[in-house]
Structure formats: C-alpha cells, structure tokens
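Reviewing the structure listed below.
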Amino acid sequence: MKSIIIMSAVVLTACNSFSQETKYPSIEEECTLSGNEDSTQCQIAAMDNLTQAEKENQMGFINLFPSAGQKEDCDKAKYWYESAAKQGNEKALNGLGLLYYTGCGVDADYKKAVEYLLLANEKGDKQAQVNLGELYSEGGPGIPQDYDQALYWYEKGIENEPARAYNGIAAINVMQGNKDEAIKYLEKAAELGHPQAQYNLGVMYHIGNFGVYIDDKEKAKYWYEKSAAQGFSDAQHNLNNLLEEMNQQAK
C-alpha cells in the first residue's frame, strides 16, 4: 500500500487561497435577519461555549447542509469556512475540502480538496479520513482513482466513522470483484445503520447484487425498511415493489 506524504507546501497552498471578502452579515446580524430567536443562526450566536472560529464553522455547515425547508448556499458556506479556517479550525478545513470535492461554490478540484482534507486530518479532524477515502475511491479533477490510497484512509477512518468506512471498503471490493469481502463489509455497515449499505443488502436479497442473489424476501423487506426509514428514496421504491410482489404471491 502506498505511503502518504504530507508536504509542508500543502499548508501554504491551502492557507494562501483564503478569500479576504467580508460581504456577508456577522453571525449576530444573521440572527437578527432571521427574525426568529429560535433560528439556527441565533442558536449559534448564543453558544458561549464555542470560540468565534467554531461558531463560524457552524455557520459554514448550516449553509452547506441546510435543514429541511432551507436552501443550500455554497458561496456563504465557503465564506464562513474560509474565515474559520484562517483561525486554524480543523473542521472548517474539512468543510473547504468538501466544497472543492463536490464543486459547491467553486470549480471542482480534487487536488485542492486533498490539500484541505490532509491539513484537516493533520490538525485532528477525523471526518477528513473517510472523506479522503471517498475522494480517492472515486478519483476526479487533479487526482486519479487510487484504491490503495482509498483503503488506507477508509481503514484509518473505521475508529471514528465505522459505518461510512465499512461501506466504502465494501464498494472498493465490489469494484475489484471481491464479492465475499464486499458482502462482509456491507453487512458491517448496514448493521451500523448506513442507509446505502442497507439498501444494497435489500437488493441482494430481493433481486441480486454484486453477482449474488439470495432469495429471501423477508430479509429484503427488513433492510429496505431500515434504509427507507432514513429517507433513502430508492429503498422506498424497491420496498413498494417488493410488497406488491409479496401480496401477489400471497393470493
């Protein structure tokens, strides 16, 4: 397995790209503009146990991952993550890595995403490990697909995000044709509540997956229901089809 070398230039490249713009209201102003003292912005403003950088990271997070009924705002997420990252906040560095990974508010740039994620991991943010696994597993602009690197980071991420890490390891084994290993890790992820892993197990028991078909409609129903309960729409669709099939067979 290839070794990971973090060059000091990574730190300089990432930090020098921070924007100096201040076009958005302060957190307190965001609270006032929300018109609701119970808004997420007001809750963040009132968190006296958090540093300013931690509050700004939270602002980045709620704009990248808005609650139901709210709209994603990638530009605002970038603004807050950059402000928090300039203060050394490791979670904000991870957030910036996600922006460049997904192309949210910026041009997708996997090389820059890796720089931020490596720096976030170096500073102690463990979520960056599984994010690096997913990035290397996929490959994209500036970074070729690399299963060795992906497995390295997934394995490091097992301690902190086991469900995502196991699901990622399962996906790599699928792509490499290792069916038994894929199913083993898929089951681990599903048992820990990963909705996509639960869905994939449902498919395996329903109509076949990864070249494996086990005709067990009750188990398929069980895993579809688990996944659908977490909002995985494909699982709900397949569950509806399965229930219709089971009703037809019962007649």
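What follows is calculated from the coordinates using simple rules that are stated; it is not laboratory data. This structure is a prediction, so every number in the text was calculated from the model and none was measured. In this analysis, Cβ positions are derived from the backbone assuming ideal geometry, glycine residues included, and neighbour counts consider all displayed protein chains.
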With +1 on each Lys and Arg Cβ and -1 on each Asp and Glu Cβ, how big is the dipole of the chain about its Cα centre, in debye rounded to the nearest 20?
-> 420 debye
Could you state the number of Å between the C-alpha centres of the range 191-225 and the range 81-114?
-> 35 Å
What relative contact order, as a whole-number percentage, does the range 49-183 give when Cα pairs under 8 Å and 6 or more residues apart are counted?
-> 14 percent
Which of the listed residues, Leu64, Cys74, Tyr101, is farthest toward the dipole's positive end in the range 36-124, when Lys, Arg count +1 and Asp, Glu count -1 at the beta-carbon?
-> Tyr101
Given the candidates Tyr136, Ala190, Asn173, the one whose Cα lies deepest towards the positive end of the charge dipole of the chain, counting +1 at each Lys or Arg C-beta and -1 at each Asp or Glu C-beta, is Asn173
Which residue fluctuates the most in the chain, going by a Gaussian network model with Cα springs under 10 Å, if the choices are Ala163, Ala229, Ala84?
-> Ala229
Enter the angle in degrees (range 0 to 90, nearest 10) between the Cα long axis of helix 74-86 and the first principal axis of the Cα atoms of the chain, meaning the one along which they spread out most.
-> 60 degrees
Angle between the Cα long axis of helix 127-138 and the longest principal axis of the chain, 0 to 90 degrees, nearest 10?
-> 60 degrees
For the chain, the longest principal axis of the Cα atoms and the Cα long axis of helix 147-157 enclose an angle in degrees, to the nearest 10, of 80 degrees
Considering Cα pairs under 8 angstrom that are at least six residues apart, work out the relative contact order of the chain and quote it in whole percent.
-> 10 percent
Average Cα contact separation per residue, the range 36-124, under 8 Å, 6 or more apart, as relative contact order % | 21 percent
Within straight cross-link reach of Lys91, meaning Cα distance under 18 Å, which lysines are found once same-chain residues fewer than 8 apart are removed?
-> Lys55, Lys76, Lys78, Lys112, Lys123, Lys126, Lys156
